[in-house]
Amino acid sequence: MREAFFQIYLAFLGSLGFSILFHITSTRLFFASFGGAISWGVYLALNPLFSSEALRYFLATAVIALYAEIMAKIQKTPTTTYLVPSIIPLIPGSALYSTMNYALRGEWEAFSAEGLFTLQIALSLAGGILVVSSATSVYKSLLHHFMKKAVQKKKGKKTGRYSL
Amino acid sequence: MDTEALLSLSLDIGEEMLLSGAEIHRVEDCIRRICHAYEAKRIDVFSITSVMIATIESPEGKSYTQTRRIAQSGTDLTKLHRLNCLSRTLCSSTPSLDFARREFQSILSSCRPLAAPIFYLSYFLIAGSFTLFFGGTLLESAFSALIAMVLCLAVRLTGRVNFNPILSKIMLTFLFSLLAILCARVLPGVAEDKIIIGNIMIVIPGIGLTNSLRDLFSGDLISGLLRLCESCILALAIAAGYSLAVLLTGGIA
């Protein structure tokens, strides 16, 4: 348990480093780094529930993408601000390193297994982002559609203006 | 309404957004909305990671086209945030274009590159914490952070000379891998692998990959593929730099 909290704390620090590197400032700095802690926390919490690594990475990414969308909405800022630092602890740097190592040693079976595993994680991250971002865009266009209808009912109002 | 100035301003805003790390979808959408708010009759925007084209038609029926060639991209999410705020203001209250241009210039002049100590601090934090995160010891983490400082110095130096990004990635990875391997050779009880992983986290094209996937899924296939290609090549460059360092020091033990 202590080990887990220590890891989450480290994930927070790592994301903090990236947030600083990407020029995030003020309250956004804390919440973007906190996203890193959440992503690793969710990943660890799902550990006893699912045996599949890919599924855990997928779910953790989906949670963090949702967090990023919500925070971006609240703070009226692009989703990228929260998504990029938060996802950093899930990026398979360690798996990439092992893949390179197997290649250098000429252990091609281990190389292909580890390489496929890295690819699988990358695809899980992609899937997690995909699910949430498509759900949000569907939600946004539905909202826009109904707002337009509501405004059209009240006569004399112009609908040319958008809000970002 | 000066349509040409409007087009110029909205493309400049779009260009700077793209440069500071926005997705293509957001950039195109932003240009479209600004021109729409200022009552352009027709707006056609197309953007990929390296170029952006827009044609707008003024209320009098005259067409204007401008292009921007996007050279390189860094990431400055505060600048992106402020540009986003500016474009929201333009869309909701349509202030005069002169005012908007002044606001835009003030954002550009106030968002400077990171100060040197902060830059070093971020590298220190990333490498140190990820070495521990992936199971390194405290001593390894300290060395990892120190090597990251050297890496940071190298990044700043190569940034000045405007190197080819792929070549500089190879060289940077070679540099920190070599230092890590030398550390492990000299000091007993220190293994190079966790140190290298901590430093790999710095150079890994995480933001490129994330943004490329978001571009792909929002339908900007060309930009998504371009960025995906770029990320894959950069990952290969990391592998090349690492292999070079390992082979030069006599292979894996």
Degrees separating the helix B:206-217 axis from the principal Cα axis of chain B, which is the longest one: 40
Sequence order, the stretch B:152-163: Karplus ³J(HN,Hα) from phi using 6.51 cos²θ - 1.76 cosθ + 1.60, θ = phi - 60°, Hz rounded, Gly and Pro as x, gives 4, 4, 5, 4, 5, 5, 5, x, 5, 8, 6, 6
Per its Cα gyration tensor (rounded if a/c is under 1.5, else prolate when a/b beats b/c, else oblate), the protein assembly as shown is best filed as prolate
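Within 10 Å of each Cβ in peptide A:91-102, how many partner chain Cβ atoms are there on average? Round it to a whole number, please.
That average works out to 6.
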Rounded if a/c under 1.5, otherwise prolate or oblate - the stretch B:132-253, Cα gyration tensor axes: prolate
Using DSSP to define loop residues, name the GluC sites (Glu not before Pro) in the stretch B:9-98 whose beta-carbon has at most 15 other beta-carbon atoms within 10 Å. B:E39, B:E60
For helix A:2-21, what angle does its Cα long axis make with the longest principal axis of chain A, in degrees from 0 to 90 and rounded to 10? 60
Phi-based couplings in Hz for the stretch A:57-70 (Karplus 6.51, -1.76, 1.60; Gly and Pro marked x): 5, 4, 5, 4, 5, 4, 4, 6, 5, 5, 4, 4, 5, 5
Using modelled backbone amide H atoms (1.01 Å from N, in-plane), which distant-in-sequence or interchain residues come within less than 5 Å of B:Q66's amide H? B:A54
Give the angle, between 0 and 90 degrees and rounded to the nearest 10, that separates the Cα long axis of helix B:24-37 from the longest principal axis of the Cα atoms of chain B. 20
Shielding of A:74-81 by partners, i.e. mean partner chain Cβ atoms within 10 Å per residue? 6
Row for the stretch B:3-110, column shape: gyration tensor on C-alpha, a ≥ b ≥ c, rounded if a/c < 1.5 i.e. under 1.5, prolate if a/b over b/c, else oblate; value oblate
Just to be sure I understand: with springs between alpha-carbon atoms less than 10 Å apart, which residue in A:A62, A:A37, A:A113 has the highest mean-square fluctuation in the Gaussian network model of chain A? A:A113
Within 10 Å of each Cβ of B:201-208, how many other protein chain Cβ atoms are there on average? 5
Using the structure shown, select from A:K148/B:K62; A:K76/B:K79; A:K76/A:K140; A:K149/B:K41; A:K149/B:K79 the pairs with a Cα to Cα distance greater than 25 angstrom. A:K148/B:K62; A:K149/B:K79
Within 10 Å of each candidate Cβ there may be at most 16 other Cβ atoms; applying that plus a DSSP loop requirement, which trypsin sites (Lys or Arg not before Pro) in the stretch B:8-49 survive? B:K41
If packing is taken as the average number of other Cβ atoms within 10 Å across a peptide's residues, how do B:106-119, B:177-190 rank, most packed first? B:177-190, B:106-119
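All of the numbers you see were taken from the coordinates with simple rules; none came from a lab. Just so it is clear, the model here is predicted, and its values are computed rather than measured. Please note: Cβ atoms are built from the backbone with ideal geometry, for glycine as well, and neighbour counts cover all protein chains shown.
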